[in-house]
Amino acid sequence: MLSLFFGLFLFTVPPQYGLPEGATIIETRPLVSNAHQNRALVLWMLNPKRNPREPADEVYTCPEYTRGHYYSGPTRVSLVDLKTNKIINTVNVKASDGEDGDFDLPYKIARGYYYQIVKGNAKEAKPIILALKDFNGDGKAHEFALYDAAGCMGLETALIGYSERQDKVIQYHIVLTTKEKTTAKTETLWWVDYLFSKQANKNGVWKYEIDYRGRGGALDQYEIRYNAKQERFEGTLTFKE
């Protein structure tokens, strides 16, 4: 039988829960929904590899801001019916290229970076990955962000959450039109630079700039909003020299 953390309490998962052999549950979080009762999100990985920081007391490098001590492996999020202890649906966490693959999730990380951590005085502690918030402005704290820093500039962000309309967990995609001089192209993305680390303004629009000009790039200007009807994010990225 498997075990999982429900909040900060350990629960045993019944055999009929349906997770495959080799599944390791990282975290679970109940959902508050008037439309559908007894729902929770479960974050789990397949045969994850444990990667402690060595030496543990070294200053964090930039990629460690989103990793710390981390697991690496195929990552999944399931919507669960807590009454029947059965999975309703599961999403594979998509990489930035839209493909399924390994992902890194911290199991212990320092305070002050992108993931919340449990309360206490320790400099490093267990992160709260399923820190549910209202990212899409519908008034319901049903979404959580994932972060991936490859270096000191650039922060890939993705959003996963519960769709009451579909009664499913989904990874939100972003339809982004990139404008550069006289050209423009539109792509459907799973990850966008810095998006879900930023706050939307009062009109529900994310407007922010990332300056890569000192690194041979451009001034990246984003303007993105949530399309509730399509349950996706849409916007533009404009490159300024």
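Rule-based calculations on the coordinates, nothing more; no lab input. Just so we're clear, the structure is a prediction, and the values are computed from it rather than from any experiment. Counting neighbours? That spans all protein chains shown, and the Cβs are built from the backbone with ideal geometry, glycine included.
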Quick one: of 133/207; 179/240; 140/198; 123/207; 119/202; 83/229, which pairs are farther than 21 Å apart, Cα to Cα?
123/207; 119/202; 83/229
Note, residue 107: beta-carbon cut-off 9 Å, +1 each Lys/Arg, -1 each Asp/Glu, net +3
Ranked packing of 155-163, 101-109, most packed first, by mean Cβ within 10 Å:
155-163, 101-109
Please rank 153, 45, fewest neighbouring Cβ atoms within 10 Å first, as an exposure proxy.
153, 45
So if we plug the beta-carbon distance of residue 179 and residue 99 into 1/(1 + (r/R0)^6) with R0 = 22 Å, what FRET efficiency do we get, rounded to 0.05?
0.25
Interchain or sequence-distant (5+) residues whose placed amide H lies within less than 5 Å of the amide H of residue 232 are 227
Tabulate in residue order the Karplus-calculated ³J(HN,Hα) for the stretch 166-179, using 6.51 cos²θ - 1.76 cosθ + 1.60 with θ = phi - 60°, rounded to whole Hz; enter x for Gly and Pro.
8, 6, 9, 8, 9, 9, 5, 9, 10, 8, 10, 9, 9, 10
Compute the signed sum of charges (Lys and Arg +1, Asp and Glu -1) over the other residues within less than 15 Å, Cβ to Cβ, of residue 51.
-2
Placing unit charges on C-beta atoms (Lys and Arg positive, Asp and Glu negative, everything else neutral), compute the dipole magnitude of the stretch 173-241 about its Cα centre in debye, rounded to 20.
160
So which residue, out of 117, 88, 174, gets the largest mean-square fluctuation from a GNM of the chain using Cα contacts under 10 Å as springs?
88
Table column - 3J(HN,Hα) (Hz), the stretch 68-85, Karplus curve with 6.51, -1.76, 1.60, x for Gly and Pro:
x, 7, 9, 8, 10, x, x, 10, 10, 10, 10, 8, 10, 8, 6, 6, 9, 6
When Lys and Arg each count +1 and Asp and Glu each count -1, what net charge do the other residues less than 14 Å away from residue 124, Cβ to Cβ, add up to?
+3
Checking rank on 212-219, 164-171, 65-72, with mean other Cβ inside 10 Å and highest first, the result is 65-72, 164-171, 212-219
In Hz, Karplus ³J(HN,Hα) per residue of the stretch 18-30 (6.51, -1.76, 1.60; θ = phi - 60°; x = Gly, Pro):
x, 6, x, 4, x, 6, 10, 7, 8, 6, 9, 8, x
For the stretch 138-159 and the stretch 186-229, what is the centre-to-centre distance using only Cα atoms, to the nearest Å?
12
Among 141, 35, 131, which one moves the most in a GNM of the chain with springs linking Cα atoms closer than 10 Å?
35
